[in-house]
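No lab work stands behind these numbers, since they all come straight from the coordinates. Predicted model only: the values in this text are computed from it and were never measured. With ideal geometry, Cβ positions are generated from the backbone for all residues, glycine too; neighbour counts draw on all protein chains shown.
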Amino acid sequence: MGGCLSVSVSCDKVLDQFSQWLCVKQRYIQNLEENLTALEATMEELKAKRDDLSRRVEREEMKGLQKLSQVQVWLTRVENIESQVNDLFSVRTTELQRLCLCGLCSKSLKLSYRYGKRVYLKLKEVENLKSNGVFEVVAEKAQASEVIERPIQPTIVGREEFLETVWNRLMGDGVGIMGLYGMGGVGKTTLLSQINNKIIGKNNVFDVVIWVVVSKDLNIDKIQNEVANKLGLGGEAWNHKDKDQKACDIHNVLKRKKFVLLLDDIWEKVDLTEIGIPFPKRENGCKVVFTTRSQEVCGRMGVNAEMEVQCLPPQDALELFN
C-alpha cells in the first residue's frame, strides 16, 4: 500500500504541475487581445515620455551641456523596443483571426501560444522601461577641452618682434578677425601655433580655443565636426543632423562663450555663419585668426587686420638653417 500511495502522490504532483503549465499557456492565448491593447497604450506612453525627454536634452545641449550616458542608453533602448513592438503589431490581425471560441482557444495552439507569450513579455519590458525613464538631470557641463600646446621651438628665429606685433594687434579691442598671409613655407602655421601657445598663458581670458586645419578642399561639414568635438557636441545624435542643424547647435553654444578660432591654411572664403560661428566683435571679445597664401582671401573674409608674413632676412634664414 505504501508503494501505491507513493505513486498516487507523485501522479498528483505531476498533474498539478501540468495543470499550472496549461493554465499559463492558455492565459497567453485567452488574454492576447487584452495584452495587445495594453501594449499599444503603454508603448504610446513610452514614446511620449521619450519625446519629452529628447526635447529636454535638446534644450540643455543648446546651452552647451552634454547629454548623460545613462540618458542615451535609455533612449537607445526605447528606439530598439519600438522596432520590436512594431514587428509584433505587423502580424496582429493575422494572429487575432487565428483565435476561436470567442478568444478562448486557437486554431493553432502552438503558434498562438508563442505569439501570446512574446506579446506578454514585451508588455512587461515596455512597462519596466517606462518606469525607469525618470531623470532629474539629463545633461551636465561638457568637459571643456583645454588649449593644447602645439609642438614648436620656443623661439621663432627672426620672428620675435613680428610675433609680438601680431599678438598685440590681435588682442586689441578693434580686431575680431585677423588674416596672416604669405607664400607657402614662409612660416604662417608656425606663427599661428605660437599664437595658440601664447593663449595658454592668458588664463581665464578665453573659454575655448579651437584649432582647425582647412586646406585646399574646403569642407564645411569637416570643420563643423571638429568644432563640435571641441565643444563636446559630438555623438550619435550629432551625426544624424544636417549642416543647418549643426550650425544652430554650434552657434547656440559659442554665443555664450568667449572663444578663439584658429583656421590654418584656407584657400578661399570660409563662411563663418555657415559653420555656426558667431561674428567676432568688440562686445563679445571673440577672435578668429587664419592663415592663407592669398591677400585677396583676407579681403573676402572681412578682416579687421591683415598682416603679411614675409621671408626671413638672409642672416636670420642662415641662423634658422644652422
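So which of LYS47/LYS124; LYS67/LYS243; LYS198/LYS243; LYS255/LYS281 end up more than 22 Å apart by C-alpha?
Numbers: LYS47/LYS124 15 Å; LYS67/LYS243 20 Å; LYS198/LYS243 32 Å; LYS255/LYS281 12 Å.
Pairs exceeding 22 Å: LYS198/LYS243.
With R₀ fixed at 45 Å, the C-beta to C-beta distance from LYS124 to ASN239 puts the FRET efficiency at about 0.85. Placing +1 on each Lys and Arg Cβ and -1 on each Asp and Glu Cβ, with no other charges, gives the stretch 149-297 a dipole about its Cα centre of roughly 340 debye.
Tell me, what is the FRET efficiency for THR76 and ARG27 to the nearest 0.05, using R0 = 35 angstrom and their Cβ-Cβ distance as r?
Numbers: r = 32 Å, r/R0 = 0.91.
According to the calculation, E is roughly 0.65.
Taking the three principal axes of the alpha carbon atoms in the stretch 160-321, the coordinate ranges are 55, 34, 27 Å, sorted in descending order. Working note: Karplus 6.51/-1.76/1.60 with θ = phi - 60° gives the stretch 281-296 the couplings 8, 4, 5, 8, x, 7, 9, 10, 10, 9, 10, 7, 8, 10, 5, 4 Hz, where Gly and Pro are set to x.
At 0.36 nm per residue, minus the direct Cα-Cα distance, what do ILE200 and VAL213 gain on full extension? Give it in nm, one decimal, please. Present the calculation step by step, with values, prior to reporting the outcome.
Values: separation 13, 0.36 × 13 = 4.68 nm, distance 1.94 nm.
Net length gain for the segment: 2.7 nm.
Among LEU129, LEU218, sorting on how many other beta-carbon atoms sit within 10 Å of each Cβ, with the fewest leading, yields LEU218, LEU129. Would you please classify the overall shape of the stretch 166-261 from the alpha carbon gyration tensor, given that a ≥ b ≥ c denote the square roots of the eigenvalues, rounded means a/c under 1.5, and beyond that prolate means a/b larger than b/c while oblate covers the rest? Because a/c hits 1.5 or more and a/b fails to exceed b/c, the stretch 166-261 counts as oblate.
Ordering LYS281, LYS230, LYS110, LYS47 by the number of other Cβ atoms within 10 Å of each residue's own Cβ, fewest first, gives LYS110, LYS281, LYS47, LYS230. LYS107: which aspartates and glutamates have alpha carbons under 14 Å from its alpha carbon, excluding same-chain residues fewer than 8 sequence positions away? Counting by Cα, and skipping residues close in sequence, LYS107 has these aspartates and glutamates nearby: GLU95.
Dividing the mean sequence gap of close Cα pairs (under 8 Å, 6+ apart) by how many residues the stretch 160-321 holds gives a relative contact order of 40 percent. A P(r) calculated from all alpha carbon pairs of the stretch 30-101, with 10 Å bins opening at zero, reads 17, 38, 23, 14, 7, 1 percent. Take the Cα of SER54, step 7 Å toward its Cβ, do the same at LYS110, and the gap between the two points is 4.1 nm.
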